[in-house]
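Let me begin by presenting the structure, written as structure tokens, before commenting on it.
The values are calculated or read from the model by the stated rules, or taken from the named source; none is laboratory data. Everything numeric in this text was worked out from a predicted model, so none of it was measured. Just the protein is used for accessible areas: all its heavy atoms, side chains included, with ligands, DNA and RNA removed. Shrake-Rupley method; radii C 1.70, N 1.55, O 1.52, S 1.80 Å.
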Amino acid sequence: MVTKKNQVTIYLSDEIRDRVKAIADRERRSFSFVVEEVLIKGLEASETESNGKE
């Protein structure tokens, strides 16, 4: 299923790219899907942490 999403360009070290690719291969997901999932989890953690400091 194709969804309309924004396209962005990022620069990653070889290590990070390889780690994300390994997860994607293991879970049979696309690289983009894994990046999006990692970003969502990171944002949620950051927002939770920020809310705890208020």
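For the chain, the carbon plus sulfur part of the accessible surface works out to 52%, probe radius 1.4 Å. The residues of the chain expose on average 100 square angstrom of accessible surface per residue, using a 1.4 Å probe on protein heavy atoms.
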